[in-house]
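Computed from the coordinates by the stated procedures, all read-outs in this text should not be read as laboratory data. All values reported here derive from a predicted model rather than from experimental measurement. Note that each Cβ is placed from the backbone with ideal geometry, even for glycine, and that neighbours are counted across all protein chains shown.
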C-alpha cells in the first residue's frame, strides 16, 4: 500500500478493490439524533442553532493519538468518568465487556459513552450531575412546613451536588443519596407526575399559541391579497369608465374612490376578530381578555353647595392680609376680591360630601 493511500485512510484489499476505512463493528454508543446534516465549526447543530454534538478541528484521541488529519471521520465520545476516546478505541477496549478506563482505571461499559455537548468537560460533568439531582430531588416549597425547612433542603441538595462534581467523598455521598431517595420515594414520584402535567399543559399552550399565530398570519395574507385585488379592480373600473367617456373625468374618479372607500369600510368591519374564550381548565390568555366597561365621568355642579356653608366677613388668612395691605396694586389685579378666594376654597372643601363612594 502506498504512503499516499495510507494518508487518505484507504485500505487496499487482495482483490484490488479499495474502500474507505470504517468502524470494524457497530458501535453501541448512543448516536446523536439531528434533523440537520449541516456541520459547523463548533459542532453539529440542529435547525434551532443548538449544539447537539461538539467537536473541534484539533481533536485528538488521548488513547491512540489519532487526529482529524489521519482520520477525517474521527468522532470522540465521553465516558462516565468524563474522559474522551475515539470510537475505534471504544470498540477495541470495551466490546468484550466492562474494562478499566485507560486514563483513570475506572471500570466502564461501552454503552455508557455519550456524545460531547460542551467544549469544557467540566461543564459537561456539572450539567449531567445537576440534571441527575433535579430528577432525584424534586420537592417543592409547598411540601415543607415553612421556608426555613425548604432552604435547608436546598442547601443539602447543593452540598451533595458539590461533592459529586468535585469527587469529594463519593461513596458517602452516594449512600446519602440512596437514603434520601428511599425516604422521599412517594413524594418524589408524585412531584414527577406534577411536573409532567405542568410540562404537558405548557406544551399545549405553546401549540395553541402557535396555531393562533399561524391563523393570524393566514388572515393577514388573505387580507393583503384582497386589498391587491380591490386595488386592481378599482384601477380597471376607472380605466373602463374613462374609456367610455360618459362624463367628467374628475367626477368619474371621485365616484370610483367613494365606491372603493365603502368596500374597504365594509371589509374592515367584517374582519374584526371575535373575542376568544379560554379553554376549560386552562389559564386566561391575552386573546381572552374581556374589554373594560366605558368610563362614566362624575357629573357634579360646582354652584350647588350654597346651603352647606356660610361665608363670613373675615378669616385668619396671612395671604389675604398681604393683599389687603397692597395699596400700590402690585399684588391685587383689576377686579380682584378677597371674598371670591375664600368662597372658592370653602366650596371645594364641601364638594362631594353627599356622593356615595364607588363600590
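With each label modelled as a point 7 angstrom along the Cα→C-beta vector, the residue 345-residue 142 pair spans 5.8 nm. Extending 7 Å from the Cα toward the beta-carbon at both residue 67 and residue 131 defines two label points whose distance is 3.0 nm.
Multiplying the sequence separation of residue 176 and residue 190 by 0.36 nm and subtracting their Cα-Cα distance, what value in nm do you get?
Length gained, residue 176 through residue 190: 2.9 nm.
Taking other Cβ atoms within 10 Å as a rough exposure proxy, 183, 87 sort from fewest to most as 183, 87. Ranking of 295, 140 by neighbouring Cβ atoms within 10 Å, starting from the fewest: 295, 140.
The spread of Cα positions in the range 149-217, taken along each principal axis and listed from longest to shortest, comes to 58, 28, 21 Å.
With a 10 Å Cβ neighbour count serving as the proxy for reagent exposure, in which order, fewest first, do 54, 82 appear?
Details: 54 19, 82 15.
So the ranking, lowest neighbour count to highest, is 82, 54.
With a simple spin-label model that places each label point 7 Å from the Cα along the Cα-to-Cβ direction, the separation between residue 111 and residue 202 comes to 3.0 nm.
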